[in-house]
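Laboratory data are not the source of any read-out in this text; all were calculated from the coordinates shown. If you're wondering where the values come from, they're calculated on a predicted model, not measured in any experiment. Reconstructed Cβ throughout: ideal geometry from the backbone, glycine too, with neighbour counts over all protein chains shown.
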Amino acid sequence: MKLLGIGSRIKHSTYGVGVVTNLTAQHYWITFIDSGLETIAIDSEFEIIEALESDDIDSVSLYEVEKSLRAILQKWSDITPVSPIAEKYKGGTLILEPKDTNLKSKEIPMDTFFHKIVMVRDRIRVMEQKINSSKNLDDQEKVDLQQYITRIYGSLTTFNVLFQNKHDNFVGERGK
């Protein structure tokens, strides 16, 4: 059995997708998207997504591995840096009151609501990247779809008040 080299990508039935960041005679050290760093036995069952041979790899520093892993995760997933919620809304509650007073109001923890807004933003960003890198769309189709995305961002600017950092805000057509 040939060993996988650092940088190889795998899919494990328990931990999901990950990248080999180190190896020993008996274990792979793999950083998984969902569960972080795990060690698994070299003879474990997993699917190889992309194999790099261990004898073709020069030894690298942990910093270089972390830098590469961040780049891989950003390229192949919808994981983005954490966007903190504004301090004044931390631990708060969003209350939705129906017009009909006989109906019960709905309370949503502000942190949960904010997390969902960030997920929407991040998925729109991924969609935007996929459109821009698509080989099946011509330039005019890309421009048309980009205009829709810009309008979507503009529709979401109401939620900018929830972001602690201004650079995390939604920006529509006027802000571009």
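Remarks
- For the listed peptides 159-168, 27-36, a ranking on the average number of other beta carbons within 10 Å per residue, highest first, reads 27-36, 159-168.
- Packing-based ranking of 134-142, 107-115 yields 107-115, 134-142, ordered from highest to lowest mean Cβ neighbour count within 10 Å.
- For segment 87-168, the fraction of alpha-carbon pairs in successive 5 Å shells from zero, as %: 3, 12, 17, 17, 14, 12, 9, 7, 5, 2, 1
- From the coordinates of this entry, P(r) over Cα pairs in 10 Å bins from 0, in percent is computed, and it appears in [x] 9, 35, 32, 15, 7, 2, 0; [y] 8, 25, 24, 23, 15, 4, 1, 0; [z] 11, 39, 33, 15, 3 under the label [y].
- Each other residue within a Cβ distance under 12 Å of S13 adds +1 if Lys or Arg and -1 if Asp or Glu, for a net charge of -1.
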